[in-house]
Amino acid sequence: MGETEEVKLLGVWFSPYAIRPKIALRLKSVDYDYFEEDLFGSKSELLLKSNPVHKKVPVLIHNNKPILESLNIVEYIDETWNASGPFILPSHPHDRAQARFWSAFVDDKTEEVKLLGVWFSPYAIRPKIALRLKSVDYDYFEEDLFGSKSELLLKSNPVHKKVPVLIHNNKPILESLNIVEYIDETWNASGPFILPSHPHDRAQARFWSAFVDDKWFPALKAAAITKSEEAKEKGMKEVEGGLLQLEEAFVSISKGNPFFGGEAIGFMDICLGSFVGILKAREKLKGEKLLDESKIPFLCKWANEFLSDDTVKNVVPEIDKVVEFLGELEARAQSAVSKT
Ligand SMILES: N[C@@H](CCC(=O)N[C@@H](CS)C(=O)NCC(=O)O)C(=O)O
């Protein structure tokens, strides 16, 4: 190798993956320039340009050519600087295959992510979107809430016995928005951040999500099931009022961007967006126009942007399927009332 050799390593000090190329480069006595990334602030242009697929560290840049994935980088170092230092991979093909088998076992099998949900639950949609944003693979278990709940659900969430439940390496995480925050923090090195980075913006996102879950949606649910026409009318007024407040919040928070989270889907988008399917289904089923362009034009546009976003597509159930389900649910509730 000549003197024109340029070796750069992008990493973060705490990443076990970034340690690997550091050891390999030292074994081979290769000089390099190290660049510490700020994964909690903003990633460098060089990282985004070098690893546009995963946007992750480590990245080795050798004479302007990026090499990605830590173990791939280690193999590259072993092959490129083969004349210096000891060999890193075993010399016999069988031993090499074995080393690759066990390294894949360590990297691919140490993470066990399970999600318990039901397809129609707006709450269960939330972790699905978050896991997709972070490109996390997981095993999904559909619960039967109308039949019998699984042992795993009852054991994991003995307090509420509700979905969603995320089980990460055998530890359950409960409550949909709590799960979304956990996903954001746990897989912080992959995908975009879900919560805003500034504490004030984060506090605001949590305020509005609590408004949606504790006030707005419960009002819609109560108005939907009450038998009293007067209570229904009063409840729907409250729901519409809530949407007007959310419209104002959207205009102020999104600052002209398509989402609450800015250019990409964030925490509040996941929270409120999980109910868009239900609003659209109720409109089809009952002609109840809550997403009314003449009253909340920005939220209407946002709702369509949300549903057509790549991360959300195929996660939110089809509106017609929800319409059918809501119809069945209503028939079930009515037959229960007529039996009493
Ligand atoms: N606050 C909870 C609400 C979850 C929830 O209500 N899940 C419903 C499905 S939509 C459920 O599991 N219901 C079962 C039950 O009530 O027994 C969250 O955000 O996760």
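Qualifying trypsin sites (Lys or Arg not before Pro) in the range 154-259, where qualification requires a DSSP coil assignment and no more than 12 other C-beta atoms within 10 Å, comprise LYS227, LYS255.
Extension gain for the segment SER335 to SER252, taken as residue separation times 0.36 nm less the Cα-Cα distance, is 25.4 nm to one decimal. Spatially, the range 120-159 and the range 44-58 are offset by 32 Å when compared through their Cα centroids.
Label point 7 Å out from LYS22 along Cα-to-Cβ: which residues of the range 72-88 have amide N under 12 Å? Hits in the range 72-88 for LYS22 at 12 Å: none.
By the combined test of axial Cα extent (at least 27 Å) and Kyte-Doolittle hydropathy (mean at least -1.0), the qualifying DSSP H helices of the chain come to 229-254, 319-339. Under the combined filter of DSSP loop state and at most 13 neighbouring Cβ atoms within 10 Å, the range 232-340 retains these GluC sites (Glu not before Pro): GLU263, GLU293, GLU318. The stretch between LYS221 and LYS289 holds 22.9 nm of extra length on full extension. This uses 0.36 nm per residue minus the Cα-Cα distance.
A short reminder: the numbers here are calculations on the coordinates, not readings from a lab. Since this is a predicted model, take the numbers as computed values, not measurements. Methodologically, a virtual Cβ is constructed for each residue, glycine included, from the backbone with ideal geometry; neighbour enumeration extends over all protein chains shown.
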